[in-house]
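Novice: First the structure, which I've put down as structure tokens, then a few questions once you've had a look.
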Amino acid sequence: MRQRKLTKEEQEQAKEGYPELFKHRLTTFAGFSYDFAEKNTFDDNEEEREKFYQSLWDEGGFQFWLATYKDMLFDKKANDQAYNFWVKKTRERISDPKKRDILAPLKAPHAWGTKRPSLEQDFYEQMDKPQNEVVDLKSNPIVEVKENGIITEDGKLHEFDVIALATGFDSVTGGMKNMGLKDVNGIQLSEKWSQGTYSYLGMTCNDYPNMFFLYGAQGPTAFSNGPTCVEVQGDWIIDTITKLRKEDIHYLNATKDAEEEWRRKVTELSDKTLFPTTDSWYMGKAASHVSSLRIACC
């Protein structure tokens, strides 16, 4: 993350650029203050790529993810170059060879960046400590949870005082489907979306008149900087409500055709990327695939 404490003077100086920053982020791919470079991965030679990657790495944050070559999330060979750099830098931080191969395998388990990269400061250094154990659950899965710990397939009991369950969640659609929302015909949204998600602009749904939502399904949502996304959506909703009031319109209902067209557009854009090649909550997987067990002893 490259986090550091900022002085009051630095914060005040940064605020002077806020108006331009807020304006610029509306023009970028993910709504951040930076954007993809206007060149592809293999436009640079190996030495130039290494230097460019290093500059992004030194910046920290999401720069290595979203300020990199513009084909990184769209072309597998380009993506492999990014992973090769990431894995080299990460493996340097892990001295234990077994842990190194689990936490930063030489072969990419999926296209890099199609699962959200973790923002961390010293995660790998902490996992590398001898009192911490890492278990590869792909080769040695969990078979049973006991009162005093977890048993893996090799028969070993890993004893614990506390087990933190982080097995995933139903992102974006889950919250809306669990609210008990019903359309004008009394059909639950969870039922309507059971065979696929449909919306218009990711902000309203057919047969849910005058219903608007922010940061939901088929919007930029988790693929973007949240504040930027909701501000754009909020402006659209305000403009829509203003128009309804001005023209004395009391009933707004997105058509089914509009939903179908929006779903087609979203799918078309998605299929141009590498995101559909990976099972992740980005693509609607309700639970993440747990790949390793981290055992921390304080």
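Novice: Could you please give the count of residues in the range 22-44 that are free of Cβ contacts under 8 Å to residues at least 60 places away in the same chain and either on the phi > 0 side of the Ramachandran plot or loosely packed, with under 13 Cβ neighbours inside 10 Å (or both)?
Specialist: The total comes to 3.
Novice: Take S55 and tell me if it is farther than 25 Å from V230 by Cα, part of a loop (DSSP other than H, G, I, E, B), hydroxyl-bearing (S, T, Y) and not assigned by TED's automatic domain parsing to the domain that holds Q233.
Specialist: When the stated conditions are applied, S55 does not pass them.
Novice: Sticking with this one: Test of understanding: among T167, T204, which residue is surrounded by 14 or more Cβ atoms within 10 Å (Cβ to Cβ) and of a type in the set (V, I, T)?
Specialist: Details: T167 fails: surrounded by 14 or more Cβ atoms within 10 Å (Cβ to Cβ).
One residue alone meets the criteria, T204.
Novice: Is at least one residue of the range 115-125 at pLDDT 95 or above, within 13 Å of F64 (Cα to Cα) and either of a type in the set (D, E, K, R) or surrounded by 14 or more Cβ atoms within 10 Å (Cβ to Cβ) (or both)?
Specialist: No: zero hits.
Novice: Restricting attention to the range 219-245, which residues are modelled with pLDDT under 95 and touching a Ser or Thr at 6+ places or on another chain (Cβ under 7 Å)?
Specialist: The answer is A222, and nothing else.
Novice: For the range 45-74, how many residues meet the condition of being in contact (Cβ under 8 Å) with a residue 40 or more places away in the chain and more than 18 Å from the chain's Cα centre (by Cα)? Steps first, please.
Specialist: Of the residues in the range 45-74, the ones in contact (Cβ under 8 Å) with a residue 40 or more places away in the chain are 58-62, 64-65, 72-74.
Narrowing further to those that are more than 18 Å from the chain's Cα centre (by Cα): 58-59.
The number of residues fulfilling the criteria is 2.
Novice: When you scan the range 11-21, do you find a residue that is among the aromatic types (F, W, Y) and part of a helix (DSSP H, G or I), even just one?
Specialist: Step one: of the range 11-21, the residues among the aromatic types (F, W, Y) are 18.
Those left that are additionally part of a helix (DSSP H, G or I): 18.
For the range 11-21, residues among the aromatic types (F, W, Y) and part of a helix (DSSP H, G or I): present.
Novice: Go through the range 139-149 and report how many residues are surrounded by 13 or more Cβ atoms within 10 Å (Cβ to Cβ) and either closer than 14 Å to I102 by Cβ or over 29 Å from the mean Cα position of the chain (by Cα) (or both). Before you say what the answer is, go through the steps one by one.
Specialist: As a first pass, look at the range 139-149 and keep what is surrounded by 13 or more Cβ atoms within 10 Å (Cβ to Cβ): 140-142, 149.
Still in the running and either closer than 14 Å to I102 by Cβ or over 29 Å from the mean Cα position of the chain (by Cα) (or both): 140-141, 149.
Number satisfying all stated conditions: 3.
Novice: Looking at the range 156-181, which of its residues are under 30 Å from D136 (Cβ atoms) and either in contact (Cβ under 8 Å) with a residue 40 or more places away in the chain or not in a loop (DSSP other than H, G, I, E, B) (or both)? Talk me through it step by step, then tell me what you get.
Specialist: So in the range 156-181, the residues under 30 Å from D136 (Cβ atoms) come out as 156-172, 174.
Those that are under 30 Å from D136 (Cβ atoms) and either in contact (Cβ under 8 Å) with a residue 40 or more places away in the chain or not in a loop (DSSP other than H, G, I, E, B) (or both): L157, H158, E159, F160, A166, T167, G168, F169, D170, S171, V172, G174.
The values are calculated or read from the model by the stated rules, or taken from the named source; none is laboratory data. Predicted, not measured: the structure shown is a model, and the values here were computed from it. Glycine also receives a Cβ, built like all others from the backbone with ideal geometry; neighbour counts cover every protein chain displayed.
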